[in-house]
Amino acid sequence: MSNSDSIVFGAGCFWCVEAIFSEIIGVNEVLPGYTGGLRKNPTYEQVCSGATGHVEVVKVVFEPEFIDLTELFSVFFSTHDPTTLNRQGNDVGSHYRSVIFTSNQAQTKLANNAVLAAKESMVWNTPIVTTVEPLQEFYKAEHYHRGYYSLNSEADYCRAVITPKLDEFRSEFRRLIKQ
């Protein structure tokens, strides 16, 4: 039996990030939540106010024997704009910042290497602002945020923002999608 691992990504609205990472082979669970701030047990409204310092994130629980962490970093960098500080599209605020939260030195080293590779790739015309930070306390988001896209795919935000990102992800990473 394999051992699972987890990594936490902040890449804009957690509804988008959850929808994408949920489709990847070897990913067992994707939990929307909050981390990186000062307040214990923050609510969605508190995080969105910008006063807590938390980020909307997803905790990706995966099986390293089926999906390599470096592949997850590739998906992370390809499915959001790592060059916009505190913004993803129309979503603005420090709670939407591009960040990788790591739980050990090995993850930190791989994450820093991934950020460096993204910078050196010259794919983006502006500097990468993604940070790598140690994971503190992870707080699960309220229940109504979990599986949001799968439950609300016809909602305006989902159709306008998430579906196009998912379509692009599916086209680029076909080999990583669960059957």
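Derivation of every value follows stated rules applied to the coordinates shown; laboratory data play no part. Everything numeric here is computed off the predicted structure, so don't read it as measured data. Heads up, the Cβs are rebuilt from the backbone with ideal geometry, glycines too, and the neighbour counts pull from every protein chain shown.
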Counting only residues 5 or more apart in sequence or on a different chain, those whose built amide H sits under 5 Å from that of Asp81 are none
Taking every other residue with Cβ under 12 Å from the Cβ of Thr79 and scoring Lys and Arg +1, Asp and Glu -1, one gets -4
Output for segment 1-79: chymotrypsin sites (Phe, Trp or Tyr not before Pro) sitting in coil per DSSP, at most 16 other Cβ within 10 Å, listed by number, reads Phe66
Amide H neighbours of Asn28 at under 5 Å, excluding residues fewer than 5 places away on the same chain, with H built from the backbone geometry, are Val61, Phe62, Glu63
Sparse-neighbourhood loop hits (trypsin sites (Lys or Arg not before Pro), segment 129-179; DSSP loop; Cβ within 10 Å at most 12 others) -> Lys178
Here, Ile177 and Gln105, labelled 7 Å along Cα→Cβ, have an inter-label distance in nm of 4.0 nm
When the chain is treated as a Gaussian network with springs between alpha carbons less than 10 Å apart, the largest mean-square fluctuation among Gly12, Gly50, Gly26 is found at Gly50
GNM of the chain, Cα pairs under 10 angstrom: of Asn86, Asn104, Asn125, the biggest fluctuation goes to Asn125
Candidate cut points under GluC sites (Glu not before Pro) in segment 31-136, DSSP loop plus at most 16 other Cβ atoms within 10 Å of their own Cβ, are Glu65
Computed D for the chain, Stokes-Einstein, Kirkwood radius over alpha-carbon pairs, 10 °C, 1.306 mPa s, to the nearest µm² per second, is 97 µm²/s
Taking Lys and Arg as +1 and Asp and Glu as -1, residues besides Asn41 with C-beta under 14 Å from its C-beta add up to 0
Placing one equal point scatterer on each C-alpha of segment 49-123 and summing with Debye, one gets log10 I(q)/I(0) at q = 0.14 Å⁻¹ equal to -0.51
